[in-house]
Amino acid sequence: MWYEILPGFAVMAVCLMIPGIATIHIQKFTNKKSSNSIARVPYHYYLLDRDRRLFGDGKHSAPKGLENIN
């Protein structure tokens, strides 16, 4: 019957969620507590890289202000 596919669907859904969840937690633990930001979508990675480039020192948690941006 139709309900026989539910266990297979559940296994497939869990397997597809593992990489996304693992990426969030790996990034959180490798940040060395420099910030609380977590990139959940590719656009967030773009914003974090932009902030690192603008603010220097590899930090993106404490912006210096517009007058100090190189």
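To keep it simple, each residue is scored yes or no on (1) under 11 Å from the mean Cα position of the chain (by Cα); (2) acidic (Asp, Glu); (3) modelled with pLDDT of 70 or more.
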residue: 18; (1), (2), (3): no, no, yes
residue: 36; (1), (2), (3): yes, no, no
residue: 61; (1), (2), (3): no, no, no
residue: 70; (1), (2), (3): no, no, no
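When the residues of region 38-50 are filtered to those that are under 10 Å from the mean Cα position of the chain (by Cα) and open to solvent by 90 Å² or more (accessible area, probe 1.4 Å), the one that is modelled with the highest pLDDT is 43.
The values are calculated or read from the model by the stated rules, or taken from the named source; none is laboratory data. Not measured: the values here are computed from a predicted model. Note: accessible area is taken over every heavy atom of the protein model, side chains too, but ligands, DNA and RNA are not part of it. Shrake-Rupley method; radii C 1.70, N 1.55, O 1.52, S 1.80 Å.
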